[in-house]
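I have placed the structure first, in the form of structure tokens, so that the comments after it can refer back to it.
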Amino acid sequence: MNDLDPIIHAQGRLRITAALATLHTDESIAFPRLQELLAMTAGNLSTHVRKLEDAGYVDVQKTHRGRTPITYLALTKQGRRAFEDYTETLRSFLGGQP
Amino acid sequence: MTPHTPASDPDDDLDPAAALDLVDRQQEEIERRMVAGLPLILGSWGVAWGVGFTMLWLIDGLAPGFRMPLPIAVVTFIVLMAGALAVSGIVGARMGRGIRGGAAAAWTGTVFGLAWPIGFIALLALGNALIVNGMPPELANIYYPTASVMLVGFMYILAGGIWQNWQSIAMGGWILLVACVAPFFGYPTHYLVFAIAGGGVFLVGTVFTAVWIRSGHGGAALWTSR
């Protein structure tokens with residue numbers, strides 16, 4: 001029961017999840033903006049996002065502005081819950097240490 | 001208790017303390033980067049108020065030794081205010097780029113945005129009505145800037161309420177106080193009060209936000225609210 005969620009517990013995905021968690025529940029962020037905020041390469045970001053999407057933690061919406069395709073990312077309800085559980089688990093670990 | 005850390009990922013060497021620290025630092029970093037343009041916006045208003053109102057004060061403030069020509073003072077004032085408005089629009093849009101808000105946030109933003117011009121039109125209408133009813137020009141010189149500054153203070157308080165930011169409420173409260181006090185100094189000294197106490201609070205805000213954005217830790221708890 002003390003296991004940390006392996007989907008979130010990896011530096012890259014943890015940073016992405018933490019960043020997405022700062023958005024309001026009805027907000028989403030364009031892929032390039034998140035890439036810039038996190039200073040990650042596009043390849044690195046999309047690899048991690050795919051894992052998060054496969055786990056149902058991140059919602060990926062492809063849309064268009066004019067002719068330019070834009071991808072918007074947001075945490076799903078499940079993803080937000082998983083992130084909260086994850087940080088709670090971390091705190092309980094730390095609280096449990098002498 | 002030794003936490004079990006699954007080793008399923010190559011970059012997964014985080015112990016709980018490091019992971020929690022990473023979460024905190026990352027979220028703080030995002031919040032700082034999101035408002036990176038704020039010092040520029042506040043700074044442009046600080047300059048517009050500071051220099052703009054000083055120009056209006058100089059029309060009669062140092063008379064008879066020096067008189068700033070009225071057209072120069074008024075045009076400078078208008079250009080500076082329009083410039084700060086443009087900076088706010090451009091930098092504000094840049095800060096919000098790539099963020100898609102929900103319908104509720106869009107509604108709030110639109111209503112709050114439209115309340116500005118509506119408020120200014122209403123206070124201009126009241127001023128004209130007062131002039132029609134015999135308000136002398138000397139009083140109009142007091143009324144228009146004071147009513148405008150009052151509206152700004154009020155809107156900053158509202159903004160702080162909507163977006164839960166106590167710094168905005170404090171700034172708005174201070175600006176409202178300045179609007180209440182300045183008229184007692186009379187024409188033209190009230191312009192100088194707006195320049196120093198009004199422009200000053202924007203410059204304080206500029207320094208405060210700039211320091212927080214540049215510093216890694218410390219000021220974050222002061223500025224973030226959610």
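The values are calculated or read from the model by the stated rules, or taken from the named source; none is laboratory data. Here the structure is a predicted model, which means the values were calculated and not measured. Every residue, glycine as well, gets a Cβ built from its backbone with ideal geometry; the counts of neighbours run over all protein chains shown.
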Scan (1) over 24 Å from B:ALA18 (Cβ atoms); (2) in contact with a strand residue (DSSP E or B) (Cβ under 6 Å, 6 or more places away or on another chain); (3) more than 7 Å from every other protein chain (Cβ to nearest Cβ); (4) of a type outside the set (Phe, Trp, Tyr) for the single condition A:SER28 breaks and write down its number.
-> (3)
From the list B:VAL74, B:VAL87, B:VAL91, which residue is in a helix (DSSP H, G or I), touching a Leu at 6+ places or on another chain (Cβ under 6 Å) and more than 14 Å from chain A (Cβ to nearest Cβ)?
-> B:VAL91
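For (1) under 21 Å from A:ILE29 (Cβ atoms); (2) of a type in the set (Phe, Trp, Tyr), each residue gets a yes or a no:
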| position | (1), (2) |
| --- | --- |
| B:PHE77 | no, yes |
| B:LEU80 | no, no |
| B:GLY83 | no, no |
| B:SER88 | no, no |
| B:ARG94 | yes, no |
| B:ARG97 | yes, no |
| B:ALA103 | yes, no |
| B:TRP107 | yes, yes |
| B:ALA115 | no, no |
Of (1) within 23 Å of B:LEU20 (Cβ to Cβ); (2) away from chain B (no Cβ under 13 Å); (3) among the basic types (Lys, Arg), A:ARG67 satisfies every one except (1)
Number of the exception - A:THR22 against (1) within 7 Å of chain B (Cβ to nearest Cβ); (2) touching a Leu at 6+ places or on another chain (Cβ under 8 Å); (3) closer than 17 Å to B:ARG33 by Cα; (4) polar (S, T, N, Q) = (2)
Which ones in region B:123-151 are surrounded by 13 or more Cβ atoms within 10 Å (Cβ to Cβ) and among the small types (Gly, Ala, Ser)?
-> B:GLY127, B:ALA140, B:ALA147, B:SER148
Residues of region A:63-98 that turn out to be at pLDDT 95 or above, more than 11 Å from the chain's Cα centre (by Cα) and basic (Lys, Arg), as a count = 2
Checking A:HIS9 against (1) touching a strand residue (DSSP E or B) at 6+ places or on another chain (Cβ under 6 Å); (2) facing chain B (nearest Cβ under 7 Å), which single condition isn't satisfied?
-> (1)
